[in-house]
Amino acid sequence: RRLKWTMIQSRCYLLRRGLIAAGFGIGFSSSINNLPTSQTARTTSARPIIAIVAPAESPILKAMPSALRERCQLIHVGETEAAMDAQADELCKAVALLWLPAGGKPSQAPSETLAALWPRLPRCKWVHSFATGVDGLRPFITGSLLPDKDRVVLTNGRGAFSESLAEHALAGMLHFNKQLSRCEENRRKGNWECFTMDTMSGKTVGLVGYGSIGKNAGRSVKAAFGSRVIALRRQPQRGGGDDVADEVFGPEDRLAFLGKCDFVVCSLPGTDATLNFFGPEEFAAMKPGCVFLSLGRGAAVDEEALAAALAPAKVGDAAHLKGAVLDVFKVEPLPTSSPLWSLPNVLLTAHNADFTSDYFELGWKVCGGNLEAFTSVHPEGSNKNLATPVDMQQGY
(Lines give C-alpha, C1' and ligand atoms only; values in the text may rest on other atoms or scores of the structure.)
Protein backbone atom coordinates (compact mmCIF):
# COMPACT_ATOMS: atom_id res chain seq x y z
CA ARG A 1 0.00 0.00 0.00
CA ARG A 2 2.87 2.34 0.84
CA LEU A 3 4.46 1.74 -2.58
CA LYS A 4 1.11 2.31 -4.30
CA TRP A 5 0.59 5.58 -2.42
CA THR A 6 4.13 6.73 -3.35
CA MET A 7 3.41 6.03 -7.01
CA ILE A 8 0.17 8.04 -6.82
CA GLN A 9 2.04 10.95 -5.22
CA SER A 10 4.70 10.85 -7.90
CA ARG A 11 2.11 10.84 -10.68
CA CYS A 12 0.34 13.82 -9.10
CA TYR A 13 3.64 15.66 -8.84
CA LEU A 14 4.46 14.95 -12.48
CA LEU A 15 1.00 16.11 -13.53
CA ARG A 16 1.33 19.31 -11.52
CA ARG A 17 4.74 20.08 -13.03
CA GLY A 18 3.40 19.27 -16.48
CA LEU A 19 0.52 21.72 -16.03
CA ILE A 20 2.91 24.36 -14.75
CA ALA A 21 5.27 23.85 -17.69
CA ALA A 22 2.27 24.14 -20.01
CA GLY A 23 1.51 27.57 -18.60
CA PHE A 24 -1.14 26.85 -15.96
CA GLY A 25 1.17 27.80 -13.10
CA ILE A 26 0.74 31.56 -13.15
CA GLY A 27 4.06 33.38 -12.71
CA PHE A 28 6.10 30.17 -12.53
CA SER A 29 9.62 30.45 -13.89
CA SER A 30 10.17 29.03 -17.34
CA SER A 31 10.72 25.50 -16.11
CA ILE A 32 14.43 25.48 -15.46
CA ASN A 33 15.54 27.02 -18.72
CA ASN A 34 15.97 23.99 -20.98
CA LEU A 35 16.95 21.62 -18.19
CA PRO A 36 15.98 17.97 -18.82
CA THR A 37 12.55 17.07 -17.48
CA SER A 38 14.09 14.36 -15.32
CA GLN A 39 15.92 17.05 -13.39
CA THR A 40 12.78 18.84 -12.28
CA ALA A 41 10.27 16.02 -12.04
CA ARG A 42 12.04 13.46 -9.92
CA THR A 43 12.01 13.96 -6.17
CA THR A 44 14.61 12.01 -4.31
CA SER A 45 15.85 12.72 -0.84
CA ALA A 46 19.34 11.80 -2.05
CA ARG A 47 19.45 14.81 -4.36
CA PRO A 48 19.47 18.23 -2.69
CA ILE A 49 17.13 20.89 -4.05
CA ILE A 50 19.03 23.96 -5.25
CA ALA A 51 17.45 27.28 -6.19
CA ILE A 52 19.18 29.11 -9.04
CA VAL A 53 19.12 32.86 -9.68
CA ALA A 54 20.31 33.50 -13.23
CA PRO A 55 19.31 35.39 -16.37
CA ALA A 56 16.61 33.68 -18.44
CA GLU A 57 19.05 32.65 -21.18
CA SER A 58 22.12 32.18 -19.03
CA PRO A 59 25.01 30.67 -21.03
CA ILE A 60 26.58 29.61 -17.73
CA LEU A 61 23.49 27.60 -16.81
CA LYS A 62 23.33 26.05 -20.26
CA ALA A 63 26.95 24.94 -19.84
CA MET A 64 26.25 23.18 -16.54
CA PRO A 65 27.73 19.66 -16.80
CA SER A 66 25.15 16.88 -17.02
CA ALA A 67 26.94 14.99 -14.25
CA LEU A 68 26.36 17.96 -11.96
CA ARG A 69 22.71 18.30 -12.97
CA GLU A 70 22.09 14.67 -12.07
CA ARG A 71 23.30 15.21 -8.52
CA CYS A 72 20.68 17.79 -7.57
CA GLN A 73 17.21 19.10 -8.29
CA LEU A 74 17.18 22.60 -9.75
CA ILE A 75 14.64 25.39 -9.42
CA HIS A 76 15.20 28.35 -11.75
CA VAL A 77 13.78 31.15 -9.62
CA GLY A 78 11.31 33.55 -11.21
CA GLU A 79 12.23 37.23 -11.41
CA THR A 80 9.07 38.58 -9.73
CA GLU A 81 7.56 37.98 -6.31
CA ALA A 82 4.46 36.57 -7.98
CA ALA A 83 6.65 34.02 -9.75
CA MET A 84 8.34 33.16 -6.46
CA ASP A 85 4.96 32.74 -4.78
CA ALA A 86 4.00 30.23 -7.45
CA GLN A 87 7.20 28.31 -6.63
CA ALA A 88 6.74 28.54 -2.87
CA ASP A 89 6.16 24.82 -2.26
CA GLU A 90 9.46 23.94 -3.92
CA LEU A 91 11.50 26.89 -2.68
CA CYS A 92 10.75 26.07 0.93
CA LYS A 93 12.48 22.71 0.39
CA ALA A 94 15.64 24.17 -1.19
CA VAL A 95 18.79 23.67 0.87
CA ALA A 96 21.11 25.72 -1.34
CA LEU A 97 21.09 28.82 -3.55
CA LEU A 98 23.30 29.36 -6.60
CA TRP A 99 23.86 32.78 -8.20
CA LEU A 100 25.04 32.92 -11.82
CA PRO A 101 26.03 36.42 -13.00
CA ALA A 102 25.07 37.83 -16.36
CA GLY A 103 27.82 37.55 -18.95
CA GLY A 104 30.52 40.15 -18.43
CA LYS A 105 28.88 41.58 -15.31
CA PRO A 106 30.30 39.69 -12.30
CA SER A 107 29.96 42.79 -10.12
CA GLN A 108 26.22 43.16 -10.71
CA ALA A 109 23.69 41.04 -8.85
CA PRO A 110 19.87 41.31 -8.69
CA SER A 111 19.82 42.53 -5.10
CA GLU A 112 16.06 43.08 -4.94
CA THR A 113 15.34 39.60 -6.33
CA LEU A 114 17.70 37.96 -3.88
CA ALA A 115 16.32 39.92 -0.92
CA ALA A 116 12.76 38.95 -1.86
CA LEU A 117 13.79 35.34 -2.35
CA TRP A 118 15.62 34.81 0.93
CA PRO A 119 12.57 34.61 3.26
CA ARG A 120 11.21 31.92 0.92
CA LEU A 121 14.28 29.73 1.54
CA PRO A 122 13.91 28.77 5.23
CA ARG A 123 16.01 25.60 4.83
CA CYS A 124 18.84 27.10 2.78
CA LYS A 125 22.24 26.64 4.40
CA TRP A 126 24.60 27.15 1.45
CA VAL A 127 24.82 30.04 -1.05
CA HIS A 128 27.30 29.84 -3.93
CA SER A 129 28.49 32.64 -6.20
CA PHE A 130 29.78 31.43 -9.57
CA ALA A 131 31.86 34.61 -9.70
CA THR A 132 34.92 34.97 -7.50
CA GLY A 133 34.17 38.55 -6.46
CA VAL A 134 31.12 38.87 -4.23
CA ASP A 135 31.05 42.68 -4.10
CA GLY A 136 27.93 42.62 -6.28
CA LEU A 137 26.23 40.58 -3.57
CA ARG A 138 27.05 43.04 -0.80
CA PRO A 139 23.47 44.32 -0.20
CA PHE A 140 22.23 40.71 -0.10
CA ILE A 141 25.03 39.63 2.22
CA THR A 142 24.49 42.54 4.60
CA GLY A 143 20.71 42.49 4.63
CA SER A 144 19.98 38.76 4.40
CA LEU A 145 22.93 36.42 4.87
CA LEU A 146 24.73 38.02 7.82
CA PRO A 147 21.60 38.04 10.02
CA ASP A 148 21.37 34.28 9.30
CA LYS A 149 25.10 33.59 9.48
CA ASP A 150 24.57 30.81 12.03
CA ARG A 151 22.77 28.67 9.46
CA VAL A 152 24.21 29.70 6.09
CA VAL A 153 27.66 29.64 4.50
CA LEU A 154 28.62 31.62 1.39
CA THR A 155 31.12 30.22 -1.13
CA ASN A 156 32.52 31.63 -4.38
CA GLY A 157 34.39 30.66 -7.53
CA ARG A 158 37.79 31.30 -5.94
CA GLY A 159 40.63 29.64 -7.81
CA ALA A 160 38.67 28.85 -10.97
CA PHE A 161 40.18 31.62 -13.06
CA SER A 162 43.47 32.33 -11.30
CA GLU A 163 45.74 30.58 -13.80
CA SER A 164 44.42 32.56 -16.77
CA LEU A 165 44.83 35.80 -14.82
CA ALA A 166 48.39 34.82 -13.91
CA GLU A 167 49.10 34.28 -17.62
CA HIS A 168 47.67 37.72 -18.36
CA ALA A 169 49.90 39.25 -15.69
CA LEU A 170 52.98 37.67 -17.27
CA ALA A 171 51.90 38.83 -20.73
CA GLY A 172 51.50 42.38 -19.41
CA MET A 173 54.89 42.35 -17.73
CA LEU A 174 56.59 41.14 -20.92
CA HIS A 175 54.65 43.67 -23.02
CA PHE A 176 56.35 46.53 -21.20
CA ASN A 177 59.64 44.83 -20.35
CA LYS A 178 60.28 43.93 -24.01
CA GLN A 179 58.78 47.22 -25.28
CA LEU A 180 56.42 45.44 -27.64
CA SER A 181 54.55 48.64 -28.53
CA ARG A 182 57.85 50.10 -29.68
CA CYS A 183 58.53 46.98 -31.74
CA GLU A 184 55.10 47.24 -33.39
CA GLU A 185 55.58 50.95 -34.10
CA ASN A 186 58.93 50.23 -35.76
CA ARG A 187 57.37 47.52 -37.90
CA ARG A 188 54.58 49.82 -39.07
CA LYS A 189 57.03 52.57 -39.97
CA GLY A 190 59.65 50.26 -41.47
CA ASN A 191 62.13 51.56 -38.91
CA TRP A 192 65.12 49.30 -38.23
CA GLU A 193 65.98 50.26 -34.62
CA CYS A 194 68.40 48.17 -32.63
CA PHE A 195 67.55 49.10 -29.03
CA THR A 196 68.56 47.45 -25.75
CA MET A 197 66.13 44.82 -24.45
CA ASP A 198 65.42 44.42 -20.74
CA THR A 199 65.02 41.13 -18.88
CA MET A 200 62.73 39.92 -16.09
CA SER A 201 65.55 38.29 -14.17
CA GLY A 202 66.38 40.38 -11.11
CA LYS A 203 63.12 42.31 -11.23
CA THR A 204 60.92 42.58 -8.14
CA VAL A 205 57.21 41.79 -8.47
CA GLY A 206 54.95 43.03 -5.67
CA LEU A 207 51.66 41.31 -4.93
CA VAL A 208 48.89 43.41 -3.38
CA GLY A 209 46.21 40.86 -2.65
CA TYR A 210 47.62 37.52 -1.56
CA GLY A 211 44.77 35.24 -2.54
CA SER A 212 44.56 32.72 -5.33
CA ILE A 213 45.15 35.26 -8.13
CA GLY A 214 48.15 36.89 -6.48
CA LYS A 215 49.77 33.62 -5.50
CA ASN A 216 49.35 32.15 -8.97
CA ALA A 217 50.86 35.26 -10.54
CA GLY A 218 53.78 35.22 -8.09
CA ARG A 219 54.40 31.51 -8.54
CA SER A 220 54.31 31.85 -12.33
CA VAL A 221 56.73 34.79 -12.52
CA LYS A 222 59.19 33.03 -10.22
CA ALA A 223 59.06 29.80 -12.20
CA ALA A 224 59.31 31.50 -15.60
CA PHE A 225 61.85 34.25 -14.91
CA GLY A 226 63.31 33.77 -11.45
CA SER A 227 62.02 37.18 -10.39
CA ARG A 228 61.91 38.21 -6.75
CA VAL A 229 58.37 38.23 -5.32
CA ILE A 230 57.23 40.27 -2.32
CA ALA A 231 53.73 40.55 -0.90
CA LEU A 232 51.61 43.08 0.99
CA ARG A 233 49.21 41.40 3.44
CA ARG A 234 46.60 42.67 5.86
CA GLN A 235 48.06 40.25 8.44
CA PRO A 236 51.81 40.14 7.73
CA GLN A 237 52.44 38.00 10.80
CA ARG A 238 50.98 35.11 8.82
CA GLY A 239 53.96 35.42 6.47
CA GLY A 240 53.86 33.85 3.04
CA GLY A 241 53.07 30.41 4.37
CA ASP A 242 54.18 28.94 1.04
CA ASP A 243 56.94 29.06 -1.56
CA VAL A 244 55.72 32.21 -3.31
CA ALA A 245 56.62 35.38 -1.37
CA ASP A 246 60.26 36.02 -0.54
CA GLU A 247 59.25 38.79 1.87
CA VAL A 248 55.93 39.95 3.37
CA PHE A 249 54.98 43.51 4.36
CA GLY A 250 52.09 44.89 6.41
CA PRO A 251 49.72 47.76 5.50
CA GLU A 252 51.69 50.27 7.60
CA ASP A 253 54.74 49.60 5.39
CA ARG A 254 52.86 49.81 2.08
CA LEU A 255 54.75 52.86 0.77
CA ALA A 256 58.14 51.30 1.45
CA PHE A 257 56.86 48.09 -0.14
CA LEU A 258 55.74 49.90 -3.31
CA GLY A 259 59.11 51.63 -3.60
CA LYS A 260 60.83 48.25 -3.99
CA CYS A 261 58.67 47.00 -6.89
CA ASP A 262 59.35 46.96 -10.62
CA PHE A 263 55.86 45.55 -11.14
CA VAL A 264 52.85 45.85 -8.82
CA VAL A 265 50.05 43.30 -9.27
CA CYS A 266 46.78 44.38 -7.63
CA SER A 267 44.25 41.58 -7.15
CA LEU A 268 42.35 43.14 -4.23
CA PRO A 269 38.66 42.33 -3.82
CA GLY A 270 36.05 45.08 -3.92
CA THR A 271 35.26 46.01 -0.30
CA ASP A 272 34.87 49.19 1.74
CA ALA A 273 38.39 48.65 3.07
CA THR A 274 39.96 48.45 -0.41
CA LEU A 275 38.11 51.37 -2.03
CA ASN A 276 40.72 53.62 -3.71
CA PHE A 277 43.49 51.66 -2.02
CA PHE A 278 45.76 52.91 -4.79
CA GLY A 279 45.65 56.69 -4.82
CA PRO A 280 48.06 59.60 -5.46
CA GLU A 281 50.27 58.74 -2.48
CA GLU A 282 50.63 55.10 -3.46
CA PHE A 283 51.44 55.81 -7.12
CA ALA A 284 53.97 58.47 -6.09
CA ALA A 285 55.66 55.92 -3.80
CA MET A 286 56.30 53.52 -6.68
CA LYS A 287 59.75 53.68 -8.19
CA PRO A 288 60.04 55.55 -11.51
CA GLY A 289 59.42 53.18 -14.39
CA CYS A 290 57.25 50.79 -12.38
CA VAL A 291 54.42 48.95 -14.17
CA PHE A 292 51.04 48.69 -12.43
CA LEU A 293 48.71 45.74 -13.10
CA SER A 294 45.06 45.68 -11.95
CA LEU A 295 43.31 42.30 -12.11
CA GLY A 296 41.05 42.17 -9.05
CA ARG A 297 38.36 44.83 -8.73
CA GLY A 298 38.47 48.30 -10.26
CA ALA A 299 37.12 49.91 -7.09
CA ALA A 300 40.57 49.49 -5.53
CA VAL A 301 42.11 52.03 -7.93
CA ASP A 302 41.72 55.80 -8.07
CA GLU A 303 41.68 56.02 -11.86
CA GLU A 304 42.30 59.77 -12.01
CA ALA A 305 45.42 59.38 -9.88
CA LEU A 306 46.56 56.48 -12.04
CA ALA A 307 46.07 58.46 -15.25
CA ALA A 308 48.12 61.30 -13.78
CA ALA A 309 50.96 58.92 -12.88
CA LEU A 310 50.93 57.52 -16.43
CA ALA A 311 51.09 60.91 -18.15
CA PRO A 312 54.29 63.02 -18.47
CA ALA A 313 54.32 66.09 -16.22
CA LYS A 314 55.37 68.13 -19.26
CA VAL A 315 56.23 67.54 -22.89
CA GLY A 316 59.48 65.65 -23.27
CA ASP A 317 59.45 64.21 -19.76
CA ALA A 318 58.98 60.55 -18.98
CA ALA A 319 55.86 59.54 -17.09
CA HIS A 320 56.39 58.43 -13.50
CA LEU A 321 55.01 54.96 -14.28
CA LYS A 322 56.22 53.09 -17.34
CA GLY A 323 52.79 51.62 -17.95
CA ALA A 324 49.67 49.91 -16.68
CA VAL A 325 47.91 46.65 -17.46
CA LEU A 326 44.22 47.14 -16.68
CA ASP A 327 41.46 44.55 -16.90
CA VAL A 328 39.02 45.92 -14.29
CA PHE A 329 37.54 49.37 -13.73
CA LYS A 330 35.28 51.27 -11.34
CA VAL A 331 32.59 51.59 -14.01
CA GLU A 332 32.23 48.91 -16.65
CA PRO A 333 32.17 49.31 -19.57
CA LEU A 334 34.84 51.96 -19.10
CA PRO A 335 33.30 55.33 -20.16
CA THR A 336 34.66 56.73 -23.41
CA SER A 337 35.44 59.93 -21.49
CA SER A 338 38.06 58.17 -19.37
CA PRO A 339 41.61 59.46 -20.01
CA LEU A 340 42.86 55.89 -19.75
CA TRP A 341 41.65 55.22 -23.31
CA SER A 342 44.02 57.80 -24.79
CA LEU A 343 47.20 56.88 -22.91
CA PRO A 344 49.66 54.99 -25.15
CA ASN A 345 51.27 53.24 -22.18
CA VAL A 346 48.11 51.43 -21.08
CA LEU A 347 47.34 47.82 -22.04
CA LEU A 348 43.58 47.69 -21.60
CA THR A 349 41.15 44.74 -21.71
CA ALA A 350 37.40 44.63 -21.08
CA HIS A 351 37.33 42.52 -17.89
CA ASN A 352 37.92 39.48 -20.07
CA ALA A 353 41.44 38.47 -19.10
CA ASP A 354 40.00 35.33 -17.51
CA PHE A 355 37.25 34.72 -20.10
CA THR A 356 38.87 31.70 -21.69
CA SER A 357 37.34 28.91 -23.77
CA ASP A 358 37.08 26.76 -20.63
CA TYR A 359 35.67 29.56 -18.42
CA PHE A 360 32.34 27.83 -17.76
CA GLU A 361 33.99 24.45 -17.22
CA LEU A 362 36.42 25.86 -14.65
CA GLY A 363 33.67 27.70 -12.77
CA TRP A 364 31.45 24.61 -12.61
CA LYS A 365 34.41 22.56 -11.39
CA VAL A 366 34.70 24.77 -8.30
CA CYS A 367 30.93 24.67 -7.79
CA GLY A 368 31.02 20.88 -8.13
CA GLY A 369 33.74 20.64 -5.49
CA ASN A 370 31.57 22.56 -3.08
CA LEU A 371 28.54 20.42 -3.94
CA GLU A 372 30.60 17.29 -3.28
CA ALA A 373 31.59 18.63 0.14
CA PHE A 374 28.03 19.74 0.82
CA THR A 375 26.52 16.29 0.20
CA SER A 376 29.37 14.11 1.46
CA VAL A 377 28.16 14.07 5.08
CA HIS A 378 24.39 14.00 4.59
CA PRO A 379 22.13 13.86 1.49
CA GLU A 380 20.32 16.99 2.67
CA GLY A 381 23.65 18.78 2.83
CA SER A 382 26.17 20.02 5.37
CA ASN A 383 27.95 23.36 5.12
CA LYS A 384 30.75 22.54 7.56
CA ASN A 385 33.54 21.68 5.11
CA LEU A 386 32.86 23.62 1.93
CA ALA A 387 35.79 24.19 -0.41
CA THR A 388 35.76 27.97 -0.97
CA PRO A 389 34.04 29.69 1.99
CA VAL A 390 33.78 33.48 2.01
CA ASP A 391 34.23 35.61 5.11
CA MET A 392 30.98 37.56 4.84
CA GLN A 393 32.23 40.26 7.21
CA GLN A 394 35.38 40.89 5.19
CA GLY A 395 33.75 40.37 1.78
CA TYR A 396 36.21 37.82 0.39
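The values are calculated or read from the model by the stated rules, or taken from the named source; none is laboratory data. None of these values were measured; they are calculated from a predicted model. We place every Cβ from the backbone using ideal geometry, glycine too, and count neighbours over all the protein chains shown. Ligands, DNA and RNA are stripped out before the accessible areas are found, and what is left, the full protein with its side chains, is counted by its heavy atoms. Shrake-Rupley method; radii C 1.70, N 1.55, O 1.52, S 1.80 Å.
When you scan the range 311-320, do you find a residue that is within 27 Å of Ser164 (Cα to Cα), surrounded by fewer than 20 Cβ atoms within 10 Å (Cβ to Cβ) and at pLDDT 95 or above, even just one? The answer is no, given that none of the residues of the range 311-320 is within 27 Å of Ser164 (Cα to Cα), surrounded by fewer than 20 Cβ atoms within 10 Å (Cβ to Cβ) and at pLDDT 95 or above. Looking only at residues of the range 39-69 that are farther than 26 Å from Thr356 by Cβ and part of a loop (DSSP other than H, G, I, E, B), we find that the one that is modelled with the lowest pLDDT is Arg42.
Give the residue, chosen from Ser129, Ser181, Ser162, that is of a type in the set (S, T, N, Q), over 17 Å from Asn370 (Cβ atoms) and modelled with pLDDT of 95 or more. First the steps, then the outcome.
Working: Ser129 fails: over 17 Å from Asn370 (Cβ atoms); Ser162 fails: over 17 Å from Asn370 (Cβ atoms).
On inspection, the qualifying residue turns out to be Ser181.
Within the option set Pro379, Pro335, Pro344, being assigned to a loop (DSSP other than H, G, I, E, B), under 18 Å from Leu68 (Cα atoms) and not hydroxyl-bearing (Ser, Thr, Tyr) holds for one residue only, Pro379.
When residues in the range 79-101 are screened for being buried (at least 16 other Cβ atoms within 10 Å of the Cβ) and in a loop (DSSP other than H, G, I, E, B), 7 of them pass. Sort out which residues of the range 215-229 are touching a strand residue (DSSP E or B) at 6+ places or on another chain (Cβ under 7 Å) and either open to solvent by 40 Å² or more (accessible area, probe 1.4 Å) or outside any loop (DSSP other than H, G, I, E, B) (or both), and write them in order of number. Within the range 215-229, Ala217, Gly218, Val221, Lys222, Arg228, Val229 qualify.
Is there a residue being among the hydroxyl-bearing types (Ser, Thr, Tyr), open to solvent by 20 Å² or more (accessible area, probe 1.4 Å), in contact with a His (Cβ under 8 Å, 6 or more places away or on another chain) and in a loop (DSSP other than H, G, I, E, B) anywhere in the range 354-364?
First pass over the range 354-364, keeping only residues among the hydroxyl-bearing types (Ser, Thr, Tyr): 356-357, 359.
With the extra rule that they be open to solvent by 20 Å² or more (accessible area, probe 1.4 Å), the set shrinks to 356-357, 359.
Subset that is in contact with a His (Cβ under 8 Å, 6 or more places away or on another chain): none.
No: zero hits.
Among the residues of the range 179-214, those that are open to solvent by 60 Å² or more (accessible area, probe 1.4 Å) and of a type in the set (Lys, Arg) comprise Arg182, Arg187, Arg188, Lys189.
The residues listed here are Pro122, Pro147; of these, the one that is in contact with a Cys (Cβ under 8 Å, 6 or more places away or on another chain) and either of a type outside the set (A, V, I, L, M) or surrounded by fewer than 23 Cβ atoms within 10 Å (Cβ to Cβ) (or both) is Pro122. Taking first residues from the range 219-232 that are within 11 Å of Phe263 (Cβ to Cβ) and partners that are part of a helix (DSSP H, G or I) and among the aromatic types (Phe, Trp, Tyr), the Cβ contacts under 9 Å between residues at least 6 apart in sequence or on separate chains come to Ile230/Phe257.
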